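**Q** Structure in structure tokens, see below.
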Amino acid sequence: QVQLVESGGGLAQPGGSLRLSCAASATFSIAVMGWYRQAPGKQRELVARIPAGGSITNTDSVKGRFIISRDNAQNTVHLQMNSLKPTDTAVYYCYAWTYQDYWGQGTQVTVSS
């Protein structure tokens, strides 16, 4: 069983930055890691994902603002969020996949002045 532990998040002003981190307690290399988010009243949506050695996928609304990175040896993934907007407010979930889905508990990101 893989557990995902998230850190970061919190409150930021519009135009500000936050950094999310997630560590997977796996003894094997995780094939895909990434981040999803769910705003109140909306469906969970992909933010960004990064395969081990593959190309990054970002949702259009965060392109040019969010940067995803990972450390394959440590099974960690990070999301640097810049130029934050109030529409980025959501619960952010760490995601991992190796033959099955794994999810973190979620961390709240609130963008407000």
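The values are calculated or read from the model by the stated rules, or taken from the named source; none is laboratory data. This structure is a prediction, so every number in the text was calculated from the model and none was measured. Every residue, glycine as well, gets a Cβ built from its backbone with ideal geometry; the counts of neighbours run over all protein chains shown. Just so you know, the surface numbers come from the protein's heavy atoms only, side chains and all, with ligands and any DNA or RNA stripped out. Shrake-Rupley method; radii C 1.70, N 1.55, O 1.52, S 1.80 Å.
**Q** List the strands (runs of 3 or more DSSP E) that sit entirely inside the range 1-90 and contain at least 3 residues that are in contact (Cβ under 8 Å) with a residue 24 or more places away in the chain.
**A** 4-8, 10-12, 18-24, 32-38, 45-51, 76-81
**Q** For the range 98-109, what are the residues that are over 15 Å from Lys42 (Cβ atoms) and either at pLDDT 95 or above or of a type in the set (D, E, K, R) (or both)?
**A** Across the range 98-109, the qualifying residues are Asp101, Tyr102, Trp103, Gly104, Gln105, Thr107.
**Q** Please enumerate the residues belonging to the range 1-23 that are aliphatic (A, V, I, L, M), at pLDDT 95 or above and open to solvent by less than 60 Å² (accessible area, probe 1.4 Å).
**A** Leu4, Ala12, Leu18, Leu20, Ala23 - these are the residues of the range 1-23 that are aliphatic (A, V, I, L, M), at pLDDT 95 or above and open to solvent by less than 60 Å² (accessible area, probe 1.4 Å).
**Q** On to the next question. Any idea how many residues of the range 71-87 are in contact with a helix residue (DSSP H, G or I) (Cβ under 8 Å, 6 or more places away or on another chain) and surrounded by 11 or more Cβ atoms within 10 Å (Cβ to Cβ)?
**A** 1
**Q** For the range 99-113, give me the residue count where each residue is on the phi < 0 side of the Ramachandran plot, part of a loop (DSSP other than H, G, I, E, B) and open to solvent by 20 Å² or more (accessible area, probe 1.4 Å).
**A** Within the range 99-113, residues that are on the phi < 0 side of the Ramachandran plot, part of a loop (DSSP other than H, G, I, E, B) and open to solvent by 20 Å² or more (accessible area, probe 1.4 Å) number 4.
**Q** Another question, then. Restricting the first residue to the range 97-113 and requiring it to be in contact (Cβ under 8 Å) with a residue 24 or more places away in the chain, which pairs with a second residue that is surrounded by fewer than 11 Cβ atoms within 10 Å (Cβ to Cβ) and not in a strand (DSSP E or B) meet a Cβ separation below 6 Å and a spacing of at least six or different chains?
**A** none
**Q** Condition first: within 18 Å of Asp101 (Cβ to Cβ), open to solvent by less than 80 Å² (accessible area, probe 1.4 Å) and over 13 Å from the mean Cα position of the chain (by Cα). Now tell me which residues in the range 26-50 satisfy that.
**A** Ala26, Ser29, Ile30, Ala31
**Q** Looking at this structure, is Ala90 within 10 Å of the chain's Cα centre (by Cα), small (Gly, Ala, Ser) and surrounded by 19 or more Cβ atoms within 10 Å (Cβ to Cβ)?
**A** No: the conditions fail for Ala90.
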